Amino acid sequence: MTEHLTTDRVTPGDQGVPISPMAWARANALGLGLAFGSFALVGGSIEAAGADHDSLLRNLPAVIAMVAAGTVFALLRRRALGARLAGPAWRAPVIGVGLAVGFVAGLVAPFDFILGILAAGTVGGVLQLRSLRRQLGDSRRLLLTGIGAWLVAGLAAVATAVLTIDVFLVGVLGVDPDAGGVAPFAGIFALLGLIGGAVGGGLEGATLSRRIRRSQTRPRPS
C-alpha cells in the first residue's frame, strides 16, 4: 500500500495531513460501484416483479437505494482521508443526495452516468476536501482540477460501457445484455461505478499527492 504522505503546511496545532492515494482511489471505486450497483439491483428487481420501467414504484426505491449507497461512498472517502480533514459525518448523506440528483438530472444514458459521477466527485470534493485544499494553498485551482478529474472519470466509465457492451458483448459475442436478468444488469452498473471511482479518485489523489510533495519541499519562512 502506498505510504501516507504528509505536509508541513498545516494550521497551528495540526500534526500533518495524511492521505494515501491508493486508499483514496479504492474508496471512491468501491463506493461508486456500490452506489450504481444498488440502483440497478433495486430498480431491476422491482421491474422484474412487474413494475413498469418508468414508473415511480420502480424508480423511487432505486433512487433511495442510490442515496443510501452514495452515503456509504462518502463515508468510505471520509475514512480514507481522515475525519479531521473530511469534516463531520452529516456531510455524507448530502453527498449521497448529490450523486442521485446528478444521475437523475442526466435523464438518459450516457448522460446519467457522466453527471452522476461528476456530481458525486464534485460535491464530495467541495464538502470533504475543502480543509485540505486550504492548507495546501491555491484552493480554487485544486477544486477545478478535481472537477476535471471527475468529468474524465464519467467519460471513461461510458467509454468502457461502449467497448464492453456494445462492441464486445453485442458486436463480437452476439450476447444480449438485457436477456440475463437482474444480476448482469446490476453488475454492469457496478462495473461502471468502479471504473468511474477508480479513475476519478486516482486522478484526484495523484494531484493532491503532487501538491503535498511540493509543499513539503517548499522552504518554510524564517
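List of remarks:
- Taking 0.36 nm per residue of separation and subtracting the current Cα-Cα distance, fully stretching the chain between residue 57 and residue 213 would add 51.1 nm.
- Site pair residue 104 and residue 49 shows an inter-label distance of 2.0 nm when each label is modelled 7 Å from Cα along Cα→Cβ.
- For the range 21-210, the orientation-averaged shadow of the C-alpha convex hull comes to 10.3 nm² (one quarter of the hull surface).
- Magnitude of the charge dipole, the range 58-167, Cβ model with Lys/Arg +1 and Asp/Glu -1, debye to 20: 620 debye
- Radius of gyration and Dmax over the Cα atoms of the range 61-160, both given in Å: 13.4, 42
We did not get these values from a lab; they are worked out from the coordinates using the rules stated. If you're wondering where the values come from, they're calculated on a predicted model, not measured in any experiment. Methodologically, a virtual Cβ is constructed for each residue, glycine included, from the backbone with ideal geometry; neighbour enumeration extends over all protein chains shown.
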